[in-house]
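For reference, the structure discussed in these notes is given below.
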Amino acid sequence: MFIIFLAAATILPTTAVADSRIDRLERTVAELGERIRKLEQQNRQQHIIIENRQTKQPVYACNVSVFGHSYEASADNEGIARQQVRKACAAEQNAMFCTDREIKCRKYP
């Protein structure tokens, strides 16, 4: 009989802790449900589209023409594309013809 009483005494505090955790979780779920309801109501009023969009990074294509030779490069960073064009140009021409002023870049979405 003593063993049953001891077992019941150790289970009761655990049950109380579990009940408080369940109550806390239920309150949190109710709060989140209310926040969702408010956002959906705001969405209807303002016509907001809520979705996860993955935007693609733009691509920069740069080129320079020196004495009839064209040098091109592309990268998702304009500075890197310019540097690649400058290096390719300077490898075959005098570097004074391969300046940033001469290099033209376009951004493609």
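Every number in this text was worked out from the coordinates using simple rules, so none of it is lab data. What you are looking at is a predicted structure, and each value in this text was computed from that prediction instead of being measured.
What length, rounded to one decimal in nm, is gained on full extension from Gln84 through to Arg101, with 0.36 nm per residue of separation minus their alpha-carbon distance?
Full extension of this stretch gives 4.7 nm more.
Karplus couplings for region 84-94 from phi (6.51 cos²θ - 1.76 cosθ + 1.60, θ = phi - 60°), rounded to Hz, Gly and Pro as x?
Each residue's phi maps through the Karplus curve to give 5, 5, 4, 5, 5, 5, 5, 5, 10, 10, 5 Hz.
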